[in-house]
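K.L.:
Got a structure for you, questions after.
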Amino acid sequence: AAPNVPNPNPAPPANNNPPPPAPPPLEPLDPGKPQHIERVLRLLGGPVKDRDPAFVWLATTDPMHPRRREVPPMLDGMIDEYLRQPGGNDPYFTALFRWANKDSVPTLIRIAQNTAGGVQHTAYRHQALRKLAELQDPRGADVIVQRLGDSRDRQVASECLLLMGPAAEKAALSIFNHPDGFRRDTARRAITAYQTKSEFIALQCVADLDSKDASARSAALQWLAKNPVDPKLGSTIAKALNKFLTEDTAFGNPDLVAALEAWGTKDNVPRVLAIFEKARFHHCAMVRVLIKIRDPEGLRG
């Protein structure tokens, strides 16, 4: 009889255990549910293709969230990628502007300085300027002033300089006498709104008397000619005015005459007398300045 050999290919035992049920689908991200931020942060840290639902949630939920400080660093870290996209990415930028805080200022500055053409990037630039003004961080003031020079941005930048308030005072003063009338007028409106001390304006004008641009020098001189004297600055301003007292025709400049009448001191007397002795014209203005200064040496002259 043949030996009893086991079947080499026995039938596998029947599997009576059904496969585990598929996990239920995730609940859609709901901007009304703050607890969904955990999933949002995971999506932000995951593949690019999965991020849009997170951006949409961030764009519509209240950014005053207990974990709000975790969001801006993640969005800021993506800026290089999204600035390079010619058509922009509205969901990303909308989320970024909504959640931006003072830690985001360097990123906002980069967006505001991105001069790429196209409607989207212009809109992002304007949104960045507005957010910088809203945050009132002095680091953003210089880029707002910079954008005043671009016809595409100057109107928005002008509004933002006013909105930023005294945090932008230093930047606004830097263009108080700018040769470009739009920038100069914007700065002066802002400085008036900030209620900047006249002492700081006068010192800026003194600095601008050394400008390489004749229009800036003239604007500074005009302001000094028309504004009240601060006794503490008398000598400083008088010495600065001496740089204009080198030509025989100096007293033909009515702004210089008015500035000397307002701010002149004995520091100006030697220069005025030197011109007085050589000049054929404008003696009345010179005498008037010397009388205003009331220095005995000048009155003897």
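K.L.:
Sort through ILE175, ILE201, ILE191 and tell me the only one that's at pLDDT 95 or above, at negative phi and touching a Ser or Thr at 6+ places or on another chain (Cβ under 9 Å). Give the derivation first.
P.N.:
Details: ILE201 fails: touching a Ser or Thr at 6+ places or on another chain (Cβ under 9 Å); ILE191 fails: touching a Ser or Thr at 6+ places or on another chain (Cβ under 9 Å).
Testing whether each residue is at pLDDT 95 or above, at negative phi and touching a Ser or Thr at 6+ places or on another chain (Cβ under 9 Å) leaves just ILE175.
K.L.:
Let me ask something else about it. How about the stretch 31-105: which helices (runs of 4 or more DSSP H) wholly inside it have at least 2 residues that are open to solvent by 30 Å² or more (accessible area, probe 1.4 Å), among the hydrophobic types (A, V, I, L, M, F, W, C) and modelled with pLDDT of 95 or more? Quick ask: steps written out before the conclusion?
P.N.:
Numbers: elements: 37-44, 52-60, 71-76, 79-83, 90-99.
Output list is empty.
K.L.:
Looking at the structure I just gave you, is ALA171 in a helix (DSSP H, G or I) and in contact (Cβ under 8 Å) with a residue 40 or more places away in the chain?
P.N.:
Details: in a helix (DSSP H, G or I): yes; in contact (Cβ under 8 Å) with a residue 40 or more places away in the chain: no.
So ALA171 fails the test.
K.L.:
Residue pairs, Cβ under 6 Å, 6 or more apart or interchain, first in the stretch 126-151 and hydrophobic (A, V, I, L, M, F, W, C), second not in a helix (DSSP H, G or I). List them.
P.N.:
The qualifying pairs are VAL145/ILE175.
K.L.:
For the stretch 241-255, give me each residue that is among the aliphatic types (A, V, I, L, M) and at pLDDT below 95.
P.N.:
LEU245, ALA250, listed by residue number.
The values are calculated or read from the model by the stated rules, or taken from the named source; none is laboratory data. This is a predicted model, so every value here is computed, not measured. Note that we place each Cβ from the backbone using ideal geometry, even for glycine, and neighbour counts take in every protein chain shown. Remember, those area values only see protein heavy atoms, side chains included, never the ligands or the DNA or RNA. Shrake-Rupley method; radii C 1.70, N 1.55, O 1.52, S 1.80 Å.
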